[in-house]
Each structure stands twice: as structure tokens, then as C-alpha cells.
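Asker: I have a structure I would like to understand better, so I am pasting it below and will then ask my questions one at a time.
The values are calculated or read from the model by the stated rules, or taken from the named source; none is laboratory data. Please read all numbers here as calculations on a predicted model, not as lab measurements. Ideal geometry is used to build each Cβ from the backbone, glycine not excepted, and the neighbour counts take in all protein chains shown.
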Amino acid sequence: MHNGFFRVASCIPPVKVADPNANADAIIEMLHQADRKGVELAVFPELCVTGYTCGDLFHSELLVNTANDAVRRIADATSSLKVNAVVGVPMVFDNRLYNCAVVVGQGRIKLTVPKSYLPNYNEFYERRLWTPAPQVGESDESHMPIAANKIFQVNGVKVGIEICEDLWVPIPPSCHTAMAGAKIIVNLSASPDLIGKYAYLRDLVAQQSARCICGYVYASAGFGESSTDLVFDGKGLIAENGKILAATPRWKEGPQMIVRDIDVDMLIRDRLHIGTFGDCADRENSGKTYPVVQQINLNISELLDPDSSESLREKLDRIMSDNDNTDNETDTLLRTVDPHPFVPWDDNEIDSRCDEIINIQVAGLAQRLAATRCKKLVIGISGGLDSTLALLVATRAFDRLHLDRKGIIGITMPGFGTTGRTHSNALTLMDALGVTFREIPIGPAVEQHFKDIDHDPNVKDVTYENCQARERTQILMDVANQEGGMVLGTGDLSELALGWATYNGDHMSMYAVNASVPKTLVKYLVRWFALRSENPDMAEALVDIIDTPVSPELLPPDSDGKIAQKTEDLVGPYELHDFFLYHTLRYGTPPERVFYLACQAFWVQHTRKAYNGKGGMEVGKYEPREILKWLKIFYRRFFNQQFKRSCMPDGPKVGSVCLSPRGDWRMPSDASATLWLDAVDRLSASLDEGEE
């Protein structure tokens, strides 16, 4: 493994039916290719050494013996390679023929696992040829060195094996091997194409990887298999915890290989975090054993990290130089690290995800209104993203409850930093939505408060800013009392994480409808409304709100009347902080790995796209030094601001990451950030080392 990632390949070689020697040559050639890519485990299709469609030829002693010799030749070929492989071959034990997966590496045959479940329907009549795998406890190791209840290790990562039909049964063998510790499941298959089958298979593989919280590598037979009755399209899939990471193009004549890095550290964290996985393993494996039969240590980490003494800067430079060299992929992470993990990449998925999130928000707010018999909402409307989303959700909740939208009281509260742009957008929005509008300037009240507490208004410090924020909250609360309503909070998840809210100011409300929506996602939700608006003025205002710099507008505008106080200039880019937040909370990722992933997402991948001429991305969107700067600020603020989250209002949870102190994130307000900050300092020192 390298940085917690385990490199796998799904390999589909061309096949010559009943010609093990030619097939062995093709497999060995692909193993050399995989080894050059730094692959730790390569998976080949079911019976790839002979071809799946040999039929009764499998009962030929000549074919089986030649196939076994071919496997030994494949094993010998791995003596000079670091890659480990799983290939499919027929084997005879005690006068019984088994459809087997054979693990080879370091010049030896390591393990043999037979197919457990044999189909006997339609185009498949496997039971007339093969014997199913011995059941747990049936095999005597000294007598029959095969059994399905086996897992093996490669570079410390446990791997389980199943073959084709094994995945389609009610309880696949991978369920048990995963509960016995396997983080990677491989499936050697020979699945012909049928109408609708591929889509079903993709879902099946993705769901099994999610159910078992594992990486799943699937390789199915392709070109060269007999077309007498069936056609094989060459399906290769790599999945991880519910997501398809890669798929081979189908219907190709030549060899096909996909290579990806499986995030094993993430899988370990999820299994630890989801307690029911361990509970199920305890119950299902009670009285059973799934032993590790072979320790395979290929030391590929030495290949990926040849000089552990090199500085961080030297490592990063080496990674970047490798991106220019397509022949050297050992140091390049072979997977995409999503720079915006809260936002789906696919437009169709974004659309459906936004619809679901908004419905969750609307349902939560509607229930709170119904439970409290409240028919009035008070919202501070600034013309910014968060208050816009809260207002849009509020109107939908009122519509769902058949309440008059006039019961939503939107209040603009111009202050010392309010600009014409945000004020105008706020008015346009409220007018288009048909809510009650009120404007209450806060300037005179805040100036009086400055006099009361003896604060010089020319000193534009935190007191100057927070007096305005608390005055606005006081107005909202008092109007809610007047109207017999409740104050709807507008702050989002990113602000809660950074503590970017005035305590008992915009920090407080009766219901925080955006509490688990990160800033990077808020834009997409507002865009979702803009695309569906039938009011052109409202759509135009929403688009402009999306384009407006994020700001609390607590400091006076610049000489041109534009926003002078930009949040991201002060606390850092929200896309970085959301990335840090996701990996820290979702997977408990340590700083070193968060930094590595951030460099991949915001530096390496952007540079690679620029080199490829795709996407119009600038080279190195955030340099490593800048990433470390904001990472340190994230940890410092995240720990120091916990006290604000300990008393945050109720709000609906919309995703896997949430900071509610009642169910999702329990942390003492006095917790020390020293370990995390020291880790960032060590990264900075290592970066400095390489620059000297």
C-alpha cells in the first residue's frame, strides 16, 4: 500500500479456446504491463487459462494437465515481478474437477480457491462438468488443499475470492470473507452479454462493495471465447464502497486493463465507524473460521516510495514529474480524488441530489412548523447565498402546509457594510416569492450601542462587527415575538465547522434549516431553483447571488461601493475547507493524508488536466504551501469553535457529514488541537527542507 491506497487491476486478455499455452503468454504479457504500473493485485477472468467455453473438453486430461503447466509457467514469470495475480484454471482433486481461482506471485502458486455455486439453468449447465467447492470444515488441508473459506494477504491487505455465480446467490461468499477481514474482494467471471444484464451487474457489484464495505475487482471473459451460443463482451469493473471507480470499454478485440487505487484506509475507518458491520461478523462467524492461509508481501511500497528519507517537497516534485511520463505510473495516484466531495460530478446526479436535499429541508421545516402550530417565520434576508436558500426552502414548506406565504416575514437590515448589489437582490427575491417584506436599518441602533459600551466606531474590530450581527439577531427574535412566529436560521455547515458565526448572533435561531449543507453545495441548490424559476427577474437575481463574493458585509464597502470584506480572503477558500471537513469527519483522516489527498485534488489533478488541454483548469489551483496554510487554519478554528456547535439549534441532517451535538458530532469544547497542528507543522518543515 501507498498512503493507504491499494492498487488493483482488472485484466481481460484475449483468449484462444482450449490453448492454455497461448493464453498463458497473453496473461504474462499483461502481468508485465500491470507491474510497470505498480499494480499490487491483478485479477483475470474465470477459466482464462483455457477459455470458459471449452465444454466437454474440460474432461480431457490433456487440456487440464496443460492448463496446470501453464499456471506454473505464469507463476514462474512472477518471480521477477512485484505484481500478484489471480487467474482462472480447471483443477482436478480426488477425481473431481473444480473451477478454480489460483493466486500466483513471487514465482510460486500461493493459493487455490474453487467456485462455490454452479449454475444449472438456461445457457449454463456447469453442474454436469464441475464439482462445487467443499463446504467449511469438509476439506483436510493435507488431503485437499482447496476450499472457498480462504483469504490471503498482499502488502498487509486481506483479499477474498469468489467466482462468477458466487456473487449472484442470496449470501455470496464475499459476505463471509469480508466479515473475516478481507478489504478487497475479487471476482473471476465469464458472464456473456444479454439485454439489460450489464446495467444489472454494475448495480450488483456496486451494492456488494457497499454491503461489505470493501473494494471489489471484477474481471469477465471477453474476445476470443466461443460464440457458438453465447457472446462475451469483456466486462471489467472496479468498485469501492458502493461506487464504480472504473469500467473497461466493452466489445474490444485486444487486451483490456483498468487500474485503480482502492482507498483501504477509508474502508477500515468505515467498518470501524459502522458498528453493525462488526456485530454482524461476530454473529455470522460464530463457530466458523476463515483463516489467512498465506502472507503475501510483495513490498510494492518500496517501488512506490523508493526513498523514505526524501523531503516532502522532493516527493511532490517527483509526483509532478511523473505526470509528464506516461510510462511511469507508480507514483501517480490512479483514481480521481473529488475536490468537491459534497457535490456529485454528474449533472444528472446533481439534479436528483439537489431535489432530495431540498425535500429533506422542506420536510424538516414543515414538521417543525406543524408540531409547534406556527404559521409565521421570520428570516433575515441579506442577498447572500445562505439566506436565499433558507427563504426558498421556507416558501416550499409553506406551500406544502397550504400556508399563506405572507406568513414568511423577510427582513433586510442594512448596516455599515451593506452594498447595493446584495440589497437589490434581496428585494427582488422577496418580491418574486410573494413573502412579507420589512426593512429595518441597524445603523442608528448599533451607533447607540457603541456609545453605551464606549466603543470607538472608527475602530473596526471584532466588536464593531459583532455588534451588528447581534443587533440583527435581536431584531429577528423580537419581530418573531411580535408575530407569534419563529426565527429561521440561515447558517450553513461550513460556517459551523469554522465557527464563522457570531455567538448568540447569526449563530442562533429556532430552527437552522441549512445546518448540514456545506457552502460548496449551497451554490448548487440555489442554482437548482434558478433553473426552475418561471420568473426571469428572480432567476437573474439568483444567478447574481451565486456570483456574489461570500461576505458578512460587516465592514464598509470600498470606494466603488463593492464588497470589501470577503470571507474567503480571511478564513480561506470554502472548497478547501469543505474538502478538509469531509475527510476529517467522514473518515477520521489524519492531517498527513488530508494534505496528500488535497494535493492530488487541487494540485496534481488540475495540473494534469492543464497538460492534457482538458477542462481549461489552471496549473496547480492551490500550491502545497497554500494548502498547508489553510489546513492549519481549519484545524485551529475547528477545535477552538466547538463551543458554538455544542449549543447549536435543531436542523435537518441531509448527508453523511453533520455537526449536530445531539447525534453526529460529540466533542468537548476544551479538546486540544495540538496533535493536528503539530502534524501540519511537520509537513511544513518537510516542505521547507526540500526548498533549501
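Asker: From the list D35, D69, which residue is in contact with a strand residue (DSSP E or B) (Cβ under 9 Å, 6 or more places away or on another chain), among the charged types (D, E, K, R), on the phi < 0 side of the Ramachandran plot and modelled with pLDDT of 95 or more?
Answerer: D35 is the lone residue from the list that is in contact with a strand residue (DSSP E or B) (Cβ under 9 Å, 6 or more places away or on another chain), among the charged types (D, E, K, R), on the phi < 0 side of the Ramachandran plot and modelled with pLDDT of 95 or more.
Asker: Can you name the number of the only condition in (1) more than 18 Å from I381 (Cα to Cα); (2) part of a loop (DSSP other than H, G, I, E, B) that G491 fails?
Answerer: (1) is the only condition that G491 fails.
Asker: Of the residues L41, L31, L57, which single one is without any contact (Cβ under 8 Å) to a residue 60 or more places away in the chain and either assigned by TED's automatic domain parsing to the domain that holds T589 or surrounded by 22 or more Cβ atoms within 10 Å (Cβ to Cβ) (or both)?
Answerer: L31
Asker: Next question, about the same structure. Please specify each residue of the stretch 407-432 satisfying the condition of being surrounded by 19 or more Cβ atoms within 10 Å (Cβ to Cβ), polar (S, T, N, Q) and over 18 Å from G489 (Cα atoms).
Answerer: T418, T419, T422, N425, T428
Quick grid of which residues meet (1) surrounded by 14 or more Cβ atoms within 10 Å (Cβ to Cβ); (2) modelled with pLDDT under 70:
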{"residue": "P306", "(1), (2)": "no, yes"}
{"residue": "E310", "(1), (2)": "yes, yes"}
{"residue": "T326", "(1), (2)": "no, yes"}
{"residue": "L333", "(1), (2)": "yes, no"}
{"residue": "D347", "(1), (2)": "no, no"}
{"residue": "R373", "(1), (2)": "no, no"}
{"residue": "I381", "(1), (2)": "yes, no"}
{"residue": "S387", "(1), (2)": "yes, no"}
{"residue": "R405", "(1), (2)": "yes, no"}
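Asker: Could you tell me whether L476 is closer than 18 Å to H507 by Cβ, modelled with pLDDT of 95 or more, out of contact with any helix residue (DSSP H, G or I) (no Cβ under 6 Å at 6 or more places or on another chain) and buried (at least 22 other Cβ atoms within 10 Å of the Cβ)? Spell out the reasoning first.
Answerer: On the way: closer than 18 Å to H507 by Cβ: yes; modelled with pLDDT of 95 or more: yes; out of contact with any helix residue (DSSP H, G or I) (no Cβ under 6 Å at 6 or more places or on another chain): yes; buried (at least 22 other Cβ atoms within 10 Å of the Cβ): yes.
Taking the combined requirement at face value, the residue satisfies it.
Asker: Just the residues that are small (G, A, S) and part of a strand (DSSP E or B), please, taken from the stretch 199-218.
Answerer: Of everything in the stretch 199-218, just one residue is small (G, A, S) and part of a strand (DSSP E or B), namely G215.
Asker: List the strands (runs of 3 or more DSSP E) inside the stretch 345-442, counting only whole elements, that have at least 1 residues being among the aromatic types (F, W, Y) and free of Cβ contacts under 8 Å to residues at least 60 places away in the same chain.
Answerer: Of the strands (runs of 3 or more DSSP E) lying wholly inside the stretch 345-442, those with at least 1 residues that are among the aromatic types (F, W, Y) and free of Cβ contacts under 8 Å to residues at least 60 places away in the same chain span 436-439.
Asker: Since N3 meets every condition but one in (1) polar (S, T, N, Q); (2) in contact with a Phe, Trp or Tyr (Cβ under 6 Å, 6 or more places away or on another chain); (3) modelled with pLDDT of 95 or more; (4) surrounded by fewer than 21 Cβ atoms within 10 Å (Cβ to Cβ), which condition does it not meet?
Answerer: Of everything listed in (1) polar (S, T, N, Q); (2) in contact with a Phe, Trp or Tyr (Cβ under 6 Å, 6 or more places away or on another chain); (3) modelled with pLDDT of 95 or more; (4) surrounded by fewer than 21 Cβ atoms within 10 Å (Cβ to Cβ), N3 misses just condition (3).
Asker: For the subset of the stretch 175-198 comprising residues that are modelled with pLDDT under 95 and not in a loop (DSSP other than H, G, I, E, B), which member is farthest from I274 (Cα to Cα)?
Answerer: For the stretch 175-198, the residue satisfying everything is P192.
Asker: Against the definition (over 24 Å from E568 (Cα atoms) and either modelled with pLDDT of 95 or more or among the aliphatic types (A, V, I, L, M) (or both)), how does L488 come out, yes or no?
Answerer: Judged against the criteria, L488 is a match.
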